[in-house]
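First comes the structure, then the notes that go with it.
The values are calculated or read from the model by the stated rules, or taken from the named source; none is laboratory data. On a predicted model such as this, the values are computed, not experimentally measured, just so you know. FYI the Cβ positions are ideal-geometry reconstructions off the backbone, even for glycines, and counts take in every protein chain you see.
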Amino acid sequence: MGTGDSIVVYPAGTTTYYARAEGACGTTACVSLLIKPTGIVPVSVNIFANDTTVCSGTSVTYTATSANGGTNPVYQWYLNGNPVGADSSEYSNPNINNGDSIYLIFPINLYTTSKN
């Protein structure tokens, strides 16, 4: 089994792509892949803290809820610009300090594919 270069495509409409492999063992049959971009739906993420009054040195749990983020959303939390937490919709910090910056990056996949 061999490997090859990957390609990334962003078709504006339904498009069929064709591929075949060539090598020392011969040439494979041509296969097709039909790409059907779906409509882009608004994605939203809301972040809630378990307490509305947070003092330095206290524990806080942040919870993100998302809409239209895909079937397996990825969450990356940051504390003062540094990645923290595992891929989870919740992030807990037992020692929040005054001036700490906590935010979430929520990447999504805008394109889906359908194999023909």
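Of all residues in the stretch 49-60, those that are under 14 Å from E90 (Cβ atoms) have Cβ atoms under 7 Å from Cβ atoms of residues that are of a type in the set (S, T, Y), 6 or more apart or on another chain, in A49/Y62; N50/T61; S59/S92. Among residues of the stretch 66-79 being under 30 Å from P11 (Cα atoms) and out of contact with any Pro (no Cβ under 7 Å at 6 or more places or on another chain), the one that is modelled with the highest pLDDT is Y75.
Considering only residues that are at pLDDT 80 or above and aliphatic (A, V, I, L, M), look in the stretch 100-116 and name the one that is nearest to A12 (Cα to Cα). Filtering first and then ranking leaves I105. The C-beta contact set for the stretch 16-35 (first residue charged (D, E, K, R), second residue in a strand (DSSP E or B) and exposed (fewer than 10 other Cβ atoms within 10 Å of the Cβ), distance under 7 angstrom, 6+ apart or interchain) comprises R20/T27.
Look through the stretch 15-62, keep the residues that are of a type in the set (G, A, S) and modelled with pLDDT of 85 or more, and return whichever of them is farthest from D100 (Cα to Cα). Ranking the qualifying residues of the stretch 15-62, first place goes to S32.
Quick one: which residue in N97, N82 is of a type in the set (S, T, N, Q) and at pLDDT 90 or above? Matching residue, one of N97, N82: N82. For first residues located in the stretch 72-93 and more than 20 Å from V43 (Cβ to Cβ), partners that are surrounded by 15 or more Cβ atoms within 10 Å (Cβ to Cβ) and aliphatic (A, V, I, L, M) and lie 6+ apart or on another chain with Cβ distances below 8 Å form the pairs L79/I102; S92/V60; N93/V60; N93/L79; N93/I102.
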